Amino acid sequence: MPWRAYCQSKLAMLMFALELQRRSAVYNWGVLSNAAHPGYARTDLIRTAPAPTACPSRLGKYLQPLMSHSAAAGALPTLLAATSPVAAPGGYYGPNWFYELKGPPVPARIMRQAKDPAVAERLWDVSAALTGVSFAQAATAA
């Protein structure tokens, strides 16, 4: 269950970034919004995560060095998204090797669920209602 919540939060963050870019383009806010994922980076999140005792998870312990990369390498897609002149509005970046688990940063695959504009709009609206902040208010207050 913890991994399911983790995956849902990552999907929500991607959808929010894409919706921010869509709104920026529609309302001419001048904001470039994109997103990134680290792939399978060896961090404390992985080390301290709840570990199932099944055989596949024990096997994964031995495969981890082959399928993952360092935390520093995992930060590279975020650095590309935040600082590179080639970072595109609404882009998504991640590692380029073996199911986007490790490797140099490149444009990543945006899953079908993240492309649903009705769900993204609802996520935006619920986020604004829960926080009491709208982007328009934040933009005019700056």
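The values are calculated or read from the model by the stated rules, or taken from the named source; none is laboratory data. Please read these numbers as outputs of a predicted model, since none were measured by experiment. Cβ coordinates were reconstructed from backbone atoms using ideal geometry, including for glycine residues, and neighbour counts include every protein chain displayed. Remember, those area values only see protein heavy atoms, side chains included, never the ligands or the DNA or RNA. Shrake-Rupley method; radii C 1.70, N 1.55, O 1.52, S 1.80 Å.
Across the stretch 21-35, what is the total count of residues that are open to solvent by 80 Å² or more (accessible area, probe 1.4 Å) and either hydroxyl-bearing (Ser, Thr, Tyr) or more than 20 Å from Thr83 (Cβ to Cβ) (or both)? Of the residues in that region, 4 qualify. In the set Gly39, Gly94, which member is open to solvent by less than 50 Å² (accessible area, probe 1.4 Å), at pLDDT 95 or above, within 21 Å of Met15 (Cβ to Cβ) and not in a helix (DSSP H, G or I)? None of the others qualify; the one that does is Gly94. The condition of being aliphatic (A, V, I, L, M), surrounded by 12 or more Cβ atoms within 10 Å (Cβ to Cβ) and not in a loop (DSSP other than H, G, I, E, B) holds for only one of Val126, Val133, Val106, that being Val106. Within the stretch 70-87, the residues that satisfy the criterion of being assigned to a loop (DSSP other than H, G, I, E, B) and open to solvent by 40 Å² or more (accessible area, probe 1.4 Å) are Pro85, Val86. Scanning the stretch 79-110 for residues that are aromatic (Phe, Trp, Tyr) and in contact (Cβ under 8 Å) with a residue 40 or more places away in the chain yields a count of 2. Taking the listed residues Ala17, Ala12, the one that is closer than 20 Å to Thr78 by Cβ and either open to solvent by less than 30 Å² (accessible area, probe 1.4 Å) or of a type in the set (Lys, Arg) (or both) is Ala17, with no other qualifying.
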